[in-house]
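Comments concern the structure below.
The values are calculated or read from the model by the stated rules, or taken from the named source; none is laboratory data. What you are looking at is a predicted structure, and each value in this text was computed from that prediction instead of being measured. Cβ placement follows ideal geometry from the backbone for every residue including glycine, while neighbour counts extend to all protein chains displayed.
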Amino acid sequence: MSHKKPKAVVDYRAAVHALRPLALNGKIPKELFVATMKQNLPEVPKAPAAYIREIRNLRSLLSNGKITEEEYEKKKEDCKQITNTDIIVEYVDEIKCKECGGTLIKFTDFTSSVIFSECESCGTKLEVKIKDRTPSEPIVLAKADTYREYEERIDLEHVIIPNNVTVIGGAAFWDCINLTSIIIPNSVTWIQARAFCDCESLSSINIPDSVIKVGEYAFKNCINLTNATIGKGMSNICQGMFCGCKSLTSIVIPNSVTVIDYRAFSDCIALSYITIPNSVVSIGEFAFRGCTSLTDITIPSSVTSIGRNAFFKCDNLTNITIPKSVTSIGYGAFHYCTNLTSVTFEDPTGWCVSDIESVHSKATNVDVTDPARAAKQLKKTYARNYWHKE
C-alpha cells in the first residue's frame with residue numbers, strides 16, 4: 001500500500017544558504033532539499049512565485065538597459081535568498097518520527113552530508129543523510145507533450161527526451177532557468193509555441209530532421225544559446241523562434257526552409273554572419289531587427305520579398321546585394337543601418353517608392369544604379385517608404 005507523500009515547511013532562505021555549496025560541489029542538485037537515501041531523489045516543485053516574478057522583473061530592466069549584464073547576474077543570484085520565507089517540499093518517502101509517528105519534519109541545521117531535523121509534534125531530534133548525486137547527470141523524462149509540463153522547474157539541468165515522444169508541448173520548459181542541455185530524439189515532429197522560452201542557461205540546440213513544425217517564440221530569450229542547428233524537415237523559421245537569443249553567434253539553416261518569419265532572429269545581438277539558403281523566398285518583418293553585430297549577409301536569388309523593418313538597426317551592416325528576384329522591400333527594412341555604405345541592385349531598373357503598401361498609392365521612381373546612393377536612400381532618404389518594382 002502506497003503512502004501519500006508528506007509535505008514539510010522549510011525556511012527557504014536558510015536552506016538555500018546552507019545547501020548552495022553542496023549544489024556547487026556536485027553533492028545535490030540546485031535548490032533540491034533531499035531527505036532520503038533510498039532509490040530516487042524527489043522531483044522539485046516549481047520555484048517560488050516571488051522568485052520567478054523577481055527574475056522576470058530583472059529581465060525587463062536588463063532589456064531596457066537599466067541594469068548591466070553583470071548587475072543582472074548578481075541580482076539574479078541574490079534573488080535566491082530574498083524570496084518566500086517558506087516553500088513546500090515534497091518527499092519521495094515518508095519520514096516519520098520514531099517516537100510519535102509524526103510526519104511533519106522541521107529543518108534545523110545542515111552539513112555537507114546530513115540534514116538535522118526535528119519532529120514538530122514531539123520535538124525529537126532527527127538526522128537525515130543526503131544522498132550524493134552529481135547535478136550533471138542527465139534526467140530522462142517520461143513525457144513532454146503536456147502544456148507547461150515542466151515550467152519553472154529549477155532542478156532540470158541536463159535533459160534527455162525519450163524516443164517515443166512525438167510532441168514537445170507548449171511552454172513545456174518555459175523558465176527552466178538552469179536547463180543547459182537537452183537531447184531531442186528523431187521521434188519528435190512538433191515543438192510547440194514557447195516550449196523553451198526563457199531557458200536562459202541553454203547553450204546549444206539541435207533540432208532533428210524529424211521536426212516539421214516549431215511554434216512561435218519556441219526559443220525566445222534563451223540568452224546563453226550560442227549555436228543552433230535546424231533540421232531538414234522544417235520549411236519555416238517561425239515567428240520569434242530565436243528572438244532575443246543575444247549570445248547566438250552561428251546557426252545552420254537547411255535548404256528546406258522557404259520562409260524566415262516575423263522576428264525570427266530579432267535582437268540576436270551576437271549574430272555576425274548568417275547564410276540564407278537558396279530555398280528561401282521571403283524574409284519576414286523584423287526578421288533580423290537589432291542584430292547589431294551582423295556585418296555580412298547574402299540574400300539569395302530565390303528571395304522575392306524583404307519584409308518591413310527586416311534589418312532595422314543592423315548598424316554594423318556595411319554592404320548588401322539585392323538580387324534581381326526581389327520585387328518588394330518593406331517599410332524601414334534598412335532604417336538605422338548607420339554603417340551601410342553600399343547597396344548593389346542586380347536589376348536597378350523599375351524601382352519606385354510609395355507611402356503605403358498599395359498598388360493604388362502614388363509612386364516615385366528611384367535611381368538605384370549607384371550603390372552608395374542606393375544605400376543612403378534605403379537607410380535614410382526613403383527608409384520610411386515601401387519599395388517595389390513597377
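Can residue 188 be described as over 15 Å from residue 231 (Cβ atoms) and free of Cβ contacts under 8 Å to residues at least 60 places away in the same chain? Spell out the reasoning first.
Values: over 15 Å from residue 231 (Cβ atoms): no; free of Cβ contacts under 8 Å to residues at least 60 places away in the same chain: yes.
So residue 188 fails the test.
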Under 9 Å between Cβ atoms, at least 6 apart or on separate chains: pull out the pairs that start in the range 281-293 with a residue that is under 18 Å from residue 329 (Cα atoms) and end on any residue that is small (Gly, Ala, Ser) and part of a strand (DSSP E or B).
281/305; 282/305; 283/305; 284/305
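Please state which one of 313, 324, 389, 379 is touching a Cys at 6+ places or on another chain (Cβ under 6 Å) and charged (D, E, K, R). Step through it out loud before you land on a result.
Numbers: 313 fails: touching a Cys at 6+ places or on another chain (Cβ under 6 Å); 324 fails: touching a Cys at 6+ places or on another chain (Cβ under 6 Å); 389 fails: touching a Cys at 6+ places or on another chain (Cβ under 6 Å).
When all the criteria are applied, what remains is 379.
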Restricting attention to the range 182-189, does a residue exist that is touching a His at 6+ places or on another chain (Cβ under 9 Å) and assigned by TED's automatic domain parsing to the domain that holds residue 152?
yes
Do we find a residue being under 23 Å from residue 252 (Cα atoms), among the aliphatic types (A, V, I, L, M) and part of a strand (DSSP E or B) anywhere in the range 337-347?
no
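If we keep just the residues of the range 290-300 that are assigned to a strand (DSSP E or B) and among the β-branched types (Val, Ile, Thr), which is nearest to the chain's Cα centre (by Cα)? Break it down stepwise before answering.
Step one: of the range 290-300, the residues assigned to a strand (DSSP E or B) are 296-298.
Then keep just the ones that are among the β-branched types (Val, Ile, Thr); that gives 297-298.
Working: 297: 24, 298: 26 Å.
This residue is 297.
Which residues, counting only those in the range 146-181, are touching a residue at least 60 places away in the same chain (Cβ under 8 Å), farther than 16 Å from residue 193 by Cβ and part of a loop (DSSP other than H, G, I, E, B)? Break it down stepwise before answering.
Of the residues in the range 146-181, the ones touching a residue at least 60 places away in the same chain (Cβ under 8 Å) are 151-155, 157, 175, 177-178.
From what is left, the residues that are farther than 16 Å from residue 193 by Cβ are 152-155, 157, 177-178.
Of everything in the range 146-181, those that are touching a residue at least 60 places away in the same chain (Cβ under 8 Å), farther than 16 Å from residue 193 by Cβ and part of a loop (DSSP other than H, G, I, E, B) turn out to be 152, 154, 155, 157, 177, 178.
Regarding residue 287, is this residue at pLDDT 95 or above, in contact with a Phe, Trp or Tyr (Cβ under 7 Å, 6 or more places away or on another chain), assigned by TED's automatic domain parsing to the domain that holds residue 205 and in a loop (DSSP other than H, G, I, E, B)?
No: the conditions fail for residue 287.
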Does at least one position in the range 324-331 carry a residue that is in contact (Cβ under 8 Å) with a residue 40 or more places away in the chain, surrounded by fewer than 17 Cβ atoms within 10 Å (Cβ to Cβ) and farther than 21 Å from residue 262 by Cβ?
no
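For the range 191-206, which residues satisfy the criterion of being in a strand (DSSP E or B) and either under 19 Å from residue 152 (Cβ atoms) or aliphatic (A, V, I, L, M) (or both)?
Step one: list which residues in the range 191-206 are in a strand (DSSP E or B), which gives 191, 204-206.
Within the range 191-206, 191, 205 meet the criteria.
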For residue 271, which of the numbered conditions (1) touching a residue at least 24 places away in the same chain (Cβ under 8 Å); (2) within 20 Å of the chain's Cα centre (by Cα); (3) within 26 Å of residue 180 (Cα to Cα) fails to hold?
(1)
